[in-house]
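The structure appears right after this line, and notes come after that.
Quick note: the coordinates plus some simple rules give every number you see, no bench work behind them. Fair warning: this is a prediction, and the values are worked out from it, not measured in the lab. Heads up, the Cβs are rebuilt from the backbone with ideal geometry, glycines too, and the neighbour counts pull from every protein chain shown.
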Amino acid sequence: MLYVKNLHKSYIVGNKEYPVLKGVSFQIAKGEFVAVMGPSGSGKSTLLNCISCYIPFDKGEITLGGTQLTNLSETELAKVRNEKLGFVFQDFMLLDGLTVRENILVPRIIQGKVDQEAETFADRLIALFGIEHIRNKYPAEISGGEKQRTAVARSLINDPYVILADEPTGNLDSKSSRTVIDSFKHAKKQMNATIFMVTHDSFAASFCDRVILLKDGTVHRQLEKTGSRSDFQDQLLDAIKEMSE
Ligand SMILES: Nc1ncnc2c1ncn2[C@@H]1O[C@H](COP(=O)(O)OP(=O)(O)OP(=O)(O)O)[C@@H](O)[C@H]1O
Ligand SMILES: [Mg+2]
């Protein structure tokens, strides 16, 4: 579903070049829930923004659902971003003036494609995430957990190749974090959704199938969950400790 091969990205500041990604390679299969972890400044957000078609990269390949991003024009990249990716933002970014149902349809509204199929799909997502009772309410009238479920439902409306999330649990207490993670797991189980999440939180990451550790601009290690969640969290904490030594 997502292939990243030998990805390079530098930022130019003044007349100096700062390499951030120095040959990152990995792949994610359809239906996988994968986290990226790594020290602050290791390039996690940069990597996510390259996959999101937000920033151009210097070298390497990104392939999303069979489409190579490397040779696409700005307009084509915007089309991939708007139609084939799902996003879950740290503060969820629901629009205050729209109801829950309308918020879920926002990506389709932007595309001018609110047809019968989109309406039916929105209703299916509303049922799937158990938010029928608030479908006509506004964000100010619903709980934090309901907002998070709405945001994850919205990220699915385009049947995206992959859902991208940068620190989706970053501002949340542990109960709210759990709601977000459970919503991702639900999306994976019910819709075979593919999820790529940047996180600092080993608890959140321990719910994933696999964790990619970034360090010094490359993939330092990948850990696969084979046993229980708590064993996986211990394994992650050890790997992070080892990485910072
Ligand atoms: N637009 C930019 N221009 C110049 N340098 C940048 C830019 N964005 C990021 N950087 C630098 O690139 C490096 C990687 O940044 P990035 O945001 O990808 O890290 P990160 O792993 O997401 O960190 P954090 O965990 O703190 O969010 C950092 O040193 C950062 O200062
Ligand atoms: Mg970041």
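Filter the chymotrypsin sites (Phe, Trp or Tyr not before Pro) in the range 39-132 to those in DSSP coil with at most 16 other Cβ atoms within 10 Å of their Cβ, and list the result.
Answer in residue order: 54, 89.
Taking neighbour Cβ counts within 10 Å as the exposure measure, how do 108, 221 sort from fewest upward?
By the 10 Å Cβ count, ascending: 221, 108.
Within the range 55-95, report the trypsin sites (Lys or Arg not before Pro) that DSSP leaves as loop and that have at most 16 other Cβ atoms within 10 Å.
none
Between the range 16-62 and the range 167-239, what is the C-alpha centre distance in whole Å?
What the calculation gives is 16 Å, centre to centre.
For the cross-link pairs 79/241; 30/175; 16/215; 16/225; 59/84, which exceed 32 Å when the distance is taken from alpha carbon to alpha carbon?
Violating the 32 Å Cα-Cα cut-off are 79/241; 16/225.
Name the shape class, rounded, prolate or oblate, that the alpha-carbon gyration tensor gives for the chain, where a ≥ b ≥ c are the square roots of its eigenvalues, rounded holds for a/c under 1.5, and otherwise prolate holds if a/b is larger than b/c and oblate otherwise.
It is oblate, given that a/c is not under 1.5 and a/b is not larger than b/c.
Which trypsin sites (Lys or Arg not before Pro) in the range 1-52 sit in a loop by DSSP (not H, G, I, E or B) and have at most 13 other Cβ atoms within 10 Å of their own Cβ?
Listed in order of number, the matching sites are 30.
Run the reach check for residue 22 against aspartates and glutamates, Cα to Cα strictly under 16 Å, same-chain hits fewer than 8 apart removed. What comes back?
Cα-Cα hits under 16 Å: 58, 61, 216.
Which order results if 208, 53 are arranged by neighbouring Cβ count within 10 Å, fewest first?
With the sparsest Cβ surroundings first, the list reads 53, 208.
I'd like the orientation of helix 229-244 relative to the chain: the angle between its Cα long axis and the longest Cα principal axis, in ° from 0 to 90, rounded to 10.
With both axes taken from Cα atoms, the answer is about 40 degrees.
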